[in-house]
Amino acid sequence: MFLTIKKIPIKTWSSEKPLNFKPKFSTFFFLCLGLVLFGLGEGLLVLSTTGNSPWSVFAEGISKKTDISIGAATFIVSVSVLFLWIFLKQKPGIGTVMNIIIIAGMIDVTLYLFDQPTNFFSKYLLSVVSVLLVGLGSGIYLVANLGPGPRDGLMTGLTKITNLPIAFVRACLEISVVLIGWYLGGTVGVGTLIFAFGIGPAVAFGLFFVNKIS
């Protein structure tokens, strides 16, 4: 069962080390593919209007207060989080940089290309599909092993310096950005809960799927 996965699979196209600045073409391709799917899923969840993922709630809140796009706000948030890595002694890889660029860009592209669903069933079906896409994208980009995203690096860095459980640190981060984003006007709803409870199994399924087919 995919829910029993405990390690990230290693494939022929996986990088041997995260800080690899000259990856194989196949490694870089799958990294980008995974991040495109991740960004598409995030964008579709925003489009569903059922409630965004925690960090997209934050980005949407900033977007509404500053009149910039959600993708641009996501980019700014990611770069700001990456800046905090300096104090946490974390080192970004190619995957970290591409995570910032591709996900932010794909959110705006998705919101531009697709229309909002018009009925209740379609909205919630879209929210479920979006979480599955984020999970699949995560599985692909994690297997590429070219460095964590800004938020994952923040989580692991804070875990190291506080010696607190990683689940507690991640929960505190997610709850904090949701509350701030909601206060700023970001969309919180059932879709946010679907993401919160569904993203773990979705990522596990993504890793399982990648391990089986590639």
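The values are calculated or read from the model by the stated rules, or taken from the named source; none is laboratory data. Computed from a prediction, not measured in an experiment: that's the story for all the values here. No Cβ is skipped: glycine too gets one built from the backbone with ideal geometry, and neighbour counts run over all protein chains shown. Ligands, DNA and RNA are excluded from the accessible area calculation, which covers all protein heavy atoms including side chains. Shrake-Rupley method; radii C 1.70, N 1.55, O 1.52, S 1.80 Å.
Legend: helices of the chain (whole DSSP H runs) are marked when their alpha-carbon atoms reach 20 angstrom or more along the helix axis and their mean Kyte-Doolittle hydropathy is at least 1.0; marked are 25-48, 70-88, 94-113, 120-144, 166-184, 190-213.
Computed from the Cβ-Cβ distance with R0 of 25 Å, the FRET efficiency linking Leu33 to Gln116 stands at 0.45.
Surface composition of the chain: carbon plus sulfur atoms hold 72% of the accessible area, using a 1.4 angstrom probe and ignoring ligands, DNA and RNA. With every protein chain in place and a 1.4 angstrom probe, the accessible-area ranking of Tyr141, Tyr183, largest first, reads Tyr183, Tyr141. When all alpha-carbon pairs of region 1-148 are counted, what percent fall beyond 28 Å? Of all Cα-Cα pairs in region 1-148, 23 percent lie more than 28 Å apart. Region 1-53 and region 109-167 have their alpha-carbon centroids 9 Å apart.
Prolate is the label for region 54-125, because a/c, from the alpha-carbon gyration tensor with a ≥ b ≥ c as root eigenvalues, is 1.5 or above and a/b exceeds b/c. Taking a ≥ b ≥ c as the square roots of the eigenvalues of the Cα gyration tensor, region 122-214 is classed as oblate, since a/c reaches at least 1.5 and a/b does not exceed b/c. Full extension of the segment from Thr4 to Ile161, taken as 0.36 nm per residue of separation minus the current Cα-Cα distance, would add 53.6 nm. Accessible surface computed residue by residue for the chain, with neighbouring protein chains in place and a 1.4 Å probe, gives 53 Å² per residue. Evaluated with a Cβ-only charge set (Lys, Arg +1; Asp, Glu -1), the chain carries a dipole of roughly 760 debye about its Cα centre, given to the nearest 20.
Dividing the summed helix terms, -39500 (n - 2.57) for each DSSP H run of n ≥ 4, by the number of residues in the chain produces a 222 nm estimate of -25000 deg cm²/dmol to the nearest 500.
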